[in-house]
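Nothing in this text is a laboratory measurement; each read-out follows from the coordinates by a stated rule. This one's a predicted model, so the numbers in the text were calculated from it and none came from an experiment. Neighbour counts run over all protein chains shown; Cβ positions are idealised from the backbone, glycine included.
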Amino acid sequence: MLKKFILTIAVLFVVLHFPVYAESSSSLEQLDNISDRALEMTKLKRYGDSEKMLTFFSDRFLKETAKEQILDMDELRIITVAHNEALMTIKDMNKGDSEKVNSVTKFRLVVDAVKSTHQPLWTEMEDQMMNSFQQTKNAAINQDTITFNSQLNLFLSQYEMIYPSLKVDLSKETMQQLDTRIQYINQYRPEVISDGESQKELDALQNELTSIFDDMGEDDADPSLWWVIISTGSIIIMTLSYVGWRKYKGDREKPRKEHND
């Protein structure tokens, strides 16, 4: 009787807790798909359809976040800002095709960053960004001002594209350190080109970027999912242990009864 009771509790635990995680994941998955569709329309220059998808996202976003707490306040704010920027850019007739794609891409990446538990899409920018930065570094060493400015501007535009996603996935301390270093290099360009000591900031930033991309490439499962797995596993282990103990106790008592008889 007790065995059935414990098994029932274990089943109820899974039934009551896992759907909460599954529902949250499903809501984020839907929002992620809408943002992806908006980017597809933008790349095809179907800006009217892109605007419709972004508006549809806003409606779904408000509905899902009002229904359940699938995001924290920082994530809500970051996504809202990226979404508003993307929608304004799509509506602006004066913005070029590349600006529209970049803006919606930034939005698409941050939605994925919130949804993903490991290896978010923004990490696929690693090769492009690290190549741009290496070219920037080489130009500084060679004191090639024109190439340095050109490559640094390219790197900064790439950094701007993944910036909201970084704010989602990185700690505030890491973001502050990263921002400070990049702002220094951008603000003191002449010094970075001419001064060997200032060029050490380039080495430090390169190491920092490499570390960030490497860390995000590691498999890191959602803690809430691990909590469900561990908790459920503990109950199952307890159940099996109890069943084994009862069987052992029964086997020990059986010979006694036969001996007494």
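Some observations on this one:
- Formal net charge of residues neighbouring Gln183 (Cβ-Cβ distance under 14 Å; K, R +1; D, E -1): -3
- Gain in span if fully extended, Gln183 to Glu40, counting 0.36 nm per residue against the direct Cα distance: 48.2 nm
- The length gained on full extension between Glu29 and Glu197, counted as 0.36 nm times the residue separation minus their Cα-Cα distance, comes to 55.8 nm.
- Extension gain (nm, one decimal) between Asn142 and Arg60, 0.36 nm per residue minus Cα-Cα: 24.3 nm
- Whole-Hz Karplus values for the range 45-51 come out as 6, 8, 5, x, 5, 5, 4 Hz, taken residue by residue from phi with 6.51 cos²θ - 1.76 cosθ + 1.60 and θ = phi - 60°; glycine and proline positions read x.
- Legend: calculated FRET efficiency, Asn207 to Asp74, from the Cβ-Cβ distance at R0 = 35 Å, rounded to 0.05, equals 0.85.
- Cα-centred dipole magnitude for the range 48-146, charges only on beta-carbon of K, R (+1) and D, E (-1), debye, nearest 20: 200
- Exceedance of the 23 Å cut-off in Cα-Cα distance is limited, within the set Lys100/Lys172; Lys91/Lys167; Lys106/Lys167; Lys52/Lys167, to Lys100/Lys172; Lys91/Lys167; Lys52/Lys167.
- Dipole-positive endmost among Thr105, Phe133, Ala86 within the range 58-134 (Cβ charges, Cα centre): Ala86
- Cα shape, the range 14-147, gyration tensor, a/c 1.5 rule: oblate
- Using the Cβ-Cβ distance between Met175 and Met130 with R0 = 22 Å, the FRET efficiency computed as 1/(1 + (r/R0)^6) comes to roughly 0.75.
- Under a 5 Å amide H cut-off, with hydrogens placed 1.01 Å from N, Asp144 pairs with nothing among residues at least 5 apart or on other chains.
- Shape category assigned to the range 145-204 from the gyration tensor of Cα positions, a/c cut at 1.5: oblate
- Residue-wise HN-Hα coupling along the range 135-144, computed from phi with Karplus coefficients 6.51, -1.76, 1.60 (Hz; x: Gly, Pro): 5, 5, 5, 4, 5, 5, 4, 8, 6, 9
- The HN-Hα couplings worked out from phi for the range 95-112 by the Karplus form 6.51 cos²θ - 1.76 cosθ + 1.60 (θ = phi - 60°) are 7, x, 4, 5, 5, 5, 5, 4, 5, 6, 5, 4, 5, 4, 5, 6, 5, 5 Hz, whole numbers, x standing for Gly and Pro.
- Rounded if a/c under 1.5, otherwise prolate or oblate - the range 103-197, Cα gyration tensor axes: prolate
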